[in-house]
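Only one structure is covered here, and it is reproduced in the block below.
The values are calculated or read from the model by the stated rules, or taken from the named source; none is laboratory data. Bear in mind that the values here come from a model prediction, so they are computed numbers and not experimental data. FYI the Cβ positions are ideal-geometry reconstructions off the backbone, even for glycines, and counts take in every protein chain you see. Accessible surface is based on the protein model in full, side chains and every heavy atom, while ligands, DNA and RNA are left aside. Shrake-Rupley method; radii C 1.70, N 1.55, O 1.52, S 1.80 Å.
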Amino acid sequence: QVQLVESGGGLVQPGGSLSLSCTASGSTFSVSRMAWYRQAPGKQRELVGEIHADSRSYYPDSVEGRFAVSRDNDKNTISLQMNSLKPEDTGVYYCYAAIKERSWDSWRTYWGQGTQVTVSS
């Protein structure tokens, strides 16, 4: 019943900016940790930013100061603002959410469909 729908992505020149968004939809549920991951060709999927319901966030050194994650708890939406993009930022970006419906006993992991981000001049 729950879906994570991503939007954004595309081709951008080095030094440019791009914004991604992801919305969780479905019946009544609670959302805990939300995050963005990316996977470059031939590499493992890696975290690029996470944010909790209390706004606590974390970024790896590779994107610190360039990327920013935000969330709208009323709309169950997470956004990723990417600035000063580099070619090494190229990859497929996936949103993540830990979700629990009222009738569930445990939290479940959901992933978005992924969106391509290409940084090239």
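Taking label points 7 Å from Cα along the Cα-to-Cβ direction, Asp61 and Gln44 give a separation of 1.7 nm.
For the options Leu11, Leu47, Leu20, a Gaussian network treatment of the chain with springs between C-alpha atoms closer than 10 Å singles out Leu11 as fluctuating the most.
A Förster radius of 22 Å, combined with the Cβ-Cβ distance separating Lys75 from Arg108, puts the computed FRET efficiency at roughly 0.65. Using a probe of 1.4 Å on the protein chains alone, the accessible area found for Trp111 is around 100 Å².
How much area per residue is accessible in the chain when the probe is 1.4 Å and only protein heavy atoms are counted (Å²)?
On the way: 6560 Å² over 121 residues.
In whole numbers, the chain has 54 Å² accessible per residue.
Which is the longest part of the chain that has none of the trypsin sites (Lys or Arg not before Pro) sitting in a DSSP loop with at most 12 other Cβ atoms within 10 Å? Segment 1-42 is the longest. Solvent-accessible area assigned to carbon and sulfur over the chain amounts to 44 percent, based on a 1.4 Å probe.
Just to be sure I understand: with springs between alpha-carbon atoms less than 10 Å apart, which residue in Gly91, Gly49, Gly15 has the highest mean-square fluctuation in the Gaussian network model of the chain? Checking each option, the largest mean-square fluctuation is seen for Gly15.
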